[in-house]
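The structure under discussion appears below in the form of structure tokens.
Every number here is computed from the coordinates shown, using simple stated rules; none is lab data. Quick caveat, the model's predicted, so the values are computed rather than measured. Heads up, the Cβs are rebuilt from the backbone with ideal geometry, glycines too, and the neighbour counts pull from every protein chain shown.
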Number of protein chains: 2
Amino acid sequence: MKINTYPQRESWSELIKRPVLRREKLTKLIAEIFKEVEQNGDQALLDFNKKFDGTELKNIKVSEEEIENAESLISNELKEAIQKAKENITKFHTSQITEIEKIETTKGVVCWRENRAIEKIGIYIPGGTAPLFSTVLMLAIPAQLAGCKEIILCTPPDKTGNINPAILYTAKLCGVTKIFKTGGAQAVAAMTLGTESIPNVYKIFGPGNQYVVAAKEFAQNYNVAIDMPAGPSEVLVIADQQAIPEFCAADLLSQAEHGSDSQVIFLSTDEEVFNQTIKETKKQLQELPRSEFTKEALKNSHFILLNTIDEALEFSNLYAPEHLILALEDFEKHIPEIQNAGSVFLGNYSCESAGDYASGTNHTLPTNGFAKNYSGVSLDSFVKKITFQNLSQKGLQNLGKTIEIMAEAEGLFAHKNAVSIRLKQENERV
Amino acid sequence: MKINTYPQRESWSELIKRPVLRREKLTKLIAEIFKEVEQNGDQALLDFNKKFDGTELKNIKVSEEEIENAESLISNELKEAIQKAKENITKFHTSQITEIEKIETTKGVVCWRENRAIEKIGIYIPGGTAPLFSTVLMLAIPAQLAGCKEIILCTPPDKTGNINPAILYTAKLCGVTKIFKTGGAQAVAAMTLGTESIPNVYKIFGPGNQYVVAAKEFAQNYNVAIDMPAGPSEVLVIADQQAIPEFCAADLLSQAEHGSDSQVIFLSTDEEVFNQTIKETKKQLQELPRSEFTKEALKNSHFILLNTIDEALEFSNLYAPEHLILALEDFEKHIPEIQNAGSVFLGNYSCESAGDYASGTNHTLPTNGFAKNYSGVSLDSFVKKITFQNLSQKGLQNLGKTIEIMAEAEGLFAHKNAVSIRLKQENERV
């Protein structure tokens, strides 16, 4: 923990710095993996499974039977929780569907936008310590709502060659069309290039380790889109005198447990709340599993005492946190001051976990300061908005001269002629 | 012109291929330019101006006086045309402003999204043969509507050290805050890193040559966002028996004149219209300036006779054109079939030039097949959509168990604890 009381404003630029990512240059390795997958398809993926995960599989594709069985392998309690979360996420993302609105910009000139789903999308779900079925919810639900025809999912199998049943159950529940047992950069390569079993997709979503991140970047060379640039997860909490230190500490720790590179920032204007939160954080830490990760993450965390809430919000806007918690009495008043944040949690009972799992908002959010220029994942991430226009003969009469003058001024005479030839023909007809 | 009558479906994959871009590996050169700008700031830009454009400037920044003077250097006719276009573009992009809609997903759990402008954006406008003031309209208008605080524009000066007055006039009219005389990769570097005069920005928009395109890609290493990946411009026209060959030819040529790498595709189901359009294209070509570009572009163009309109739309969806013109009698009927396109022009009087300049839609559109996974520029391109949530005590009671079960199943106990500690404290208070 790094503790700062009333730091000089000159020191802020130091305080808002992210831990430097030691991202190795993986391009060469990633290029080799892509080449391998391009040449050998499914067999390459099976070989990688053997090499990296120690599993010998016959099929990359998860069978219908495995998917059906998954349902019986998880508790009813968990199934109900997943269904409840699905319901809320569906409600919130459904509200993001926009109606077509036709605008007559000039008499006879009508313009509008229509959404079309990205036809084929891929979801990557990491293996490792936590089976992230919640991320399946966050990506497959809006994909299905948007109308994506092909929603595929790749995730590495465990040592026994299986996928966590909660992931399979959630994937089926949310309309994932095909599931594959493959992880790492090779999974991204497969979704980019296609193999015998795995269809190539137009956009790849989901978190992953440095190899997956590098592979997603590399995939863009093949004209595949990705959800957003990646970085470690982070939270910034702003607390005033009415904040409850136990709650603040729990929120900070819930972020810190994500990984040793997670970042946690606590800003307060109240000395008592500030000191109590530090104390509580240390206390609660003792009681947690995963505490090695958490301790490591806390080393990079900042606890900063400031003079005013306005100052805290200014700091937050400079930092641009992925998650922002306003543990403030009059949070409503401060909403307009928020410029840069991924997702905002208001008041003492809006803990980050709510948004991580079940309130309905999406948990795939911009990290690493990208909240300055990127939005989190939403229904919009799964569609293209196509513009349409229809000019009547009268419409072109009304606007034609304007277009001709502008095209000529830009020296684009064929552009001008496309209008002139229409206006001329019309005159001849009259 | 490549002419195909009723090609076998197996040959389509060949026909939809874009001309291969001989994009040289410019990374090393671009990295050097970024380093130079980082170290020497404005002076580096002045040196580049001297080296590449042969101009010796004292100031990078366009003066207030130059901007004021621009107004007197262009005709009233052009000013009025620009104002009319601005009016339509403003109308259409204003319609893209969304209301805040609060959704109660579970009793006591309220979620919504609010837009916040990207605070600082940069617009690049190429120099060269055409002064693209229309692109200033397309990028500065939505930036201003979105509420971007800093809207800067970089464009290379001409041999005399000046910027085309139509660009200056349009920039002022649309709320550009600062204009700089710098072009190429160094302009992108300056907007990314900042110099003494040029503020760094969070997102860079605008077209450019291969150096600019490579520099925009490189800028992303510095966490700057860009509008979209680049490629040469293109149009696909679908014409039935009622289409007017003169109009179709004019539209094809207006696209071809953009540059020798532009691509032009004509699909028809009517042999008469097909043959006449080929004839007309050759005829009109003779009467155009810029015909060297245009001729070169036409070499890569495809004129394809097909059996049905459905087949033509299927072809178009595979190609995913930047601009799609439906010169069809019953275009309404075919709108739902359109899956992949940047912008669609309906009927005989909706020429592409209308959307390029003045109808109101944006002309910054996905090329090179990116219409499969990217939208064109819109108001959305200049904002982040931030999610908000407020859970009341009762709300967390209603949803808490769901969150706890899911967090535990993912092995994230601190996430669970952030809920448990709140539910527990509440019980104690009761």
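Some notes on this structure:
- Within the shell defined by Cβ-Cβ distances under 12 Å, the residues around A:L73 carry a net charge of -2, with Lys and Arg each +1 and Asp and Glu each -1.
- Among A:N209, A:N362, A:N223, residue whose mean-square fluctuation peaks in a GNM of chain A (springs only between Cα atoms under 10 Å): A:N223
- The GNM of chain A, with springs linking C-alpha atoms under 10 angstrom apart, assigns the highest mean-square fluctuation among A:E322, A:E404, A:E68 to A:E404.
- 10 Å binning of all Cα-Cα separations within region B:145-246, expressed as whole percents from 0 upward: 13, 38, 28, 10, 9, 1, 0
- Ranking B:S359, B:L267, B:N162 by how far each Cα lies toward the positive end of the dipole of chain B (charges on Cβ) leaves B:N162 at the top.
- Kirkwood Rh, Cα atoms: Rg over Rh of region B:67-210: 1.08
- Here the 3J(HN,Hα) profile of region B:197-206, calculated from phi with Karplus coefficients 6.51, -1.76 and 1.60 at θ = phi - 60°, is 8, 9, x, 6, 10, 9, 8, 10, 10, x Hz, Gly and Pro shown as x.
- For q = 0.13, 0.16, 0.18 Å⁻¹, Debye-computed log10 I/I(0) when each Cα of region B:231-375 counts as one equal scatterer: -0.49, -0.77, -1.00
- Expected 222 nm ellipticity per residue - DSSP helices of 4 or more, -39500 (n - 2.57), all of chain B, to 500: -13500 deg cm²/dmol
- Radius 12 Å from Cβ of B:K86, net charge of other residues (Lys, Arg +1; Asp, Glu -1): +2
- For the peptide B:91-98, the mean number of other protein chain Cβ atoms found within 10 angstrom of a residue's Cβ is 4.
- Close lysine pairs were tallied over region A:351-430: pairs 8 or more places apart or on different chains with Cα atoms under 22 Å apart number 5.
- Measuring between alpha carbons in the structure, the pairs from A:K178/B:K216; B:K35/B:K181; A:K91/A:K216; A:K295/B:K102; A:K299/B:K28 lying more than 27 angstrom apart are A:K178/B:K216; A:K91/A:K216; A:K295/B:K102; A:K299/B:K28.
- Nearest-first distances (nm) between copies at A:E196, label 7 Å from Cα via Cβ: 6.6
- Leading residue at positive end of dipole, region B:362-415 (Cβ point charges), from B:A409, B:Y374, B:N390: B:Y374
- Evaluating 6.51 cos²θ - 1.76 cosθ + 1.60 at θ = phi - 60° for every residue in region A:379-393, the Karplus couplings come out as 3, 4, 5, 10, 10, 10, 9, 8, 8, 10, 8, 10, 9, 6, 4 Hz, glycine and proline recorded as x.
- All Cα pairs of the protein assembly as shown, percent lying beyond 38 Å: 45
- Taking other Cβ atoms within 10 Å as a rough exposure proxy, B:M1, B:M406, A:M228, B:M191 sort from fewest to most as B:M1, A:M228, B:M406, B:M191.
- Based on every Cα atom in region A:166-222, Rg and the maximum pairwise Cα distance Dmax equal 11.7, 33 Å.
- Computed over region A:352-404, Cα set: Rg, Dmax in Å: 20.9, 58
- Taking the label point 7 Å along Cα→Cβ, A:K299 and its counterparts in the other copies are spaced 6.1 nm apart, in ascending order.
- Rg/Rh for region A:37-126, where both radii come from Cα atoms and Rh is the Kirkwood radius: 1.20
- Calculated from backbone phi, Karplus (6.51, -1.76, 1.60) coupling profile of region A:177-194 in Hz, x at Gly/Pro: 7, 8, 10, 10, 8, 7, x, x, 4, 5, 5, 5, 4, 5, 5, 7, 9, x
- 4 °C / 1.567 mPa s Stokes-Einstein diffusion coefficient of region A:374-430, Kirkwood radius on C-alpha pairs, µm²/s: 93
- Chain B: translational diffusion in µm²/s, Stokes-Einstein, Kirkwood Rh over Cα pairs, 10 °C, 1.306 mPa s: 65
- Among A:H302, A:H334, A:H415, residue whose mean-square fluctuation peaks in a GNM of chain A (springs only between Cα atoms under 10 Å): A:H415
- Magnitude of the charge dipole, the protein assembly as shown, Cβ model with Lys/Arg +1 and Asp/Glu -1, debye to 20: 880
- For A:D47, the distances from its label point to the matching points in the remaining copies are 4.9 nm, ordered from shortest, with each point set 7 Å beyond Cα toward Cβ.
- Environment charge at A:L236 (Cβ cut-off 11 Å; Lys +1, Arg +1, Asp -1, Glu -1): -4
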